[in-house]
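See below for the structure under consideration.
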Amino acid sequence: MAVTIHPTAIVEKGAELADGVDVGPFCIVSGKARLAENVRLVSHVSIAGSTTVGARTTIYPFASLGHPPQDNRYKGEDTQLIVGADNRIRESSVLHIGTIQGRGQTVVGDRCLLMNASHVGHDGIVGNGVTYATHAVTGGLAVVEDLVTLGGNSAVHQFGRVGMGAFIGGCAAVLGDVIPFGMVDNQGALHGLNIVGLKRRGASRETIHLLRNVYRELFHGAGYFDDRLARITEASSHVPEVKRIIDFIAAGEKRPLCVPRPS
């Protein structure tokens, strides 16, 4: 399929446009950009810097990709933004390149939906199948694992991590790391598990029952947290979903865990 570029668009020399790319009215594409097969820029899209966009991704008006990070340490280094395939990036969303002090690149996986005015901060990592609802934002160097849903107007702190399959409530300020399959309420506290998400992904009743018991033991059991975690590890680490939670907790560095509100 031929590349289509609207007469009002500006595609700088050096840009790589694969077959089927459609650059709509008033778009600007950097000379360092690479757009894979069948990428569509609807209109008024700005693609700056060393930005790669995967196949069949559609980007809507006034979205801004690959511009300098909002970090005072950035001095014009040639860092990257890498966006995967089959994404929908809606109006006025902002995705920045990385920093040399961070990871050197910002990465978004495949099959994500970034609703209008969402923001992926510099050096962030976003997994596959992630949904950012309207005005959801993640700070610099945040990690959002696969199949996470971020509610509208929610915000994940810089360096924060959100584990696989978690759900963040609307307007939540997420200051700590959210365990895989966790549910965060609108006030930013952990509030059980994302049972609906687990069911939709085919988790068995036995697995869900076990995860509920693990959650209760981990956050409401007797004794010190490390002792409770050790008991869970000994009894249930052979279950993949439980092991994912254990490994996620062990990998924490920058942020404390997001925990339930004191009763």
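Do we have Asp110 as among the charged types (D, E, K, R), more than 22 Å from Phe248 (Cα to Cα) and modelled with pLDDT of 95 or more here?
Judged against the criteria, Asp110 is not a match.
I need a count of the residues in region 117-135 that are under 18 Å from Met164 (Cβ atoms), in contact with a His (Cβ under 9 Å, 6 or more places away or on another chain), part of a loop (DSSP other than H, G, I, E, B) and touching a residue at least 24 places away in the same chain (Cβ under 8 Å).
0
Count, please, the residues in region 174-206 that happen to be in contact with a helix residue (DSSP H, G or I) (Cβ under 6 Å, 6 or more places away or on another chain) and in a helix (DSSP H, G or I).
Result for region 174-206: 1.
Quick check on Ser43: is it crowded, with 17+ Cβ neighbours inside 10 Å and either more than 22 Å from Gly129 (Cα to Cα) or polar (S, T, N, Q) (or both)?
no
Using the structure shown, decide if Ser236 is more than 16 Å from Met183 (Cα to Cα), of a type in the set (Ser, Thr, Tyr) and buried (at least 16 other Cβ atoms within 10 Å of the Cβ).
Yes; evaluated as a whole, the condition is true for this residue.
Scanning for something assigned to a loop (DSSP other than H, G, I, E, B) and touching a Lys or Arg at 6+ places or on another chain (Cβ under 6 Å), does region 69-84 turn up at least one residue?
no
Hey, can you tell me all the residues within region 85-116 that are over 12 Å from the mean Cα position of the chain (by Cα) and not in a loop (DSSP other than H, G, I, E, B)?
Passing the criteria: Arg88, Ile89, Val94, His96, Gln105.
The values are calculated or read from the model by the stated rules, or taken from the named source; none is laboratory data. Please read these numbers as outputs of a predicted model, since none were measured by experiment. A quick note on method: Cβ atoms are made from the backbone with ideal geometry, for glycine too, and the neighbour counts reach across all protein chains shown.
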